[in-house]
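What follows draws every value from the coordinates through simple rules; no lab data is involved. Please read all numbers here as calculations on a predicted model, not as lab measurements. Cβ placement follows ideal geometry from the backbone for every residue including glycine, while neighbour counts extend to all protein chains displayed.
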Amino acid sequence: MAATASIRHKHVRIDQSKLDRARRVLAAATETEALDRALTLVVSEADVDAALRRVAGKGRLKKVFK
């Protein structure tokens with residue numbers, strides 16, 4: 001995340017049922033909190049995905065559990 005957050009008012013058209021579900025899944029108190037948590041999750045997962053793509057095919061998986 002950026003060192004300094006820039007908060008702006010945005011007006012978006014969004015599927016209300018998706019927003020309601022995201023709010024429940026993320027246990028967010030408000031719709032704004034749900035959107036913020038969802039965006040944080042997407043951004044953090046993008047970093048993990050990029051790292052996995054860099055190492056793809058460069059190693060072997062070891063079965064740990066039987």
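Descriptive notes on the structure:
- The residues listed here are A46, A5, A29, A51; of these, the one that is within 15 Å of the chain's Cα centre (by Cα) and small (G, A, S) is A46.
- Condition check for E45: in contact with a Lys or Arg (Cβ under 8 Å, 6 or more places away or on another chain), surrounded by 10 or more Cβ atoms within 10 Å (Cβ to Cβ), on the phi < 0 side of the Ramachandran plot and not basic (K, R): no
- Test for A50: is it touching a helix residue (DSSP H, G or I) at 6+ places or on another chain (Cβ under 7 Å), outside any loop (DSSP other than H, G, I, E, B) and within 25 Å of A5 (Cβ to Cβ): no
- Tally, over segment 20-47, of residues that are part of a loop (DSSP other than H, G, I, E, B) and either of a type outside the set (A, V, I, L, M) or touching a residue at least 60 places away in the same chain (Cβ under 8 Å) (or both): 1
- Residue check, S17 exposed (fewer than 10 other Cβ atoms within 10 Å of the Cβ), among the hydroxyl-bearing types (S, T, Y), free of Cβ contacts under 8 Å to residues at least 60 places away in the same chain and on the phi < 0 side of the Ramachandran plot: yes
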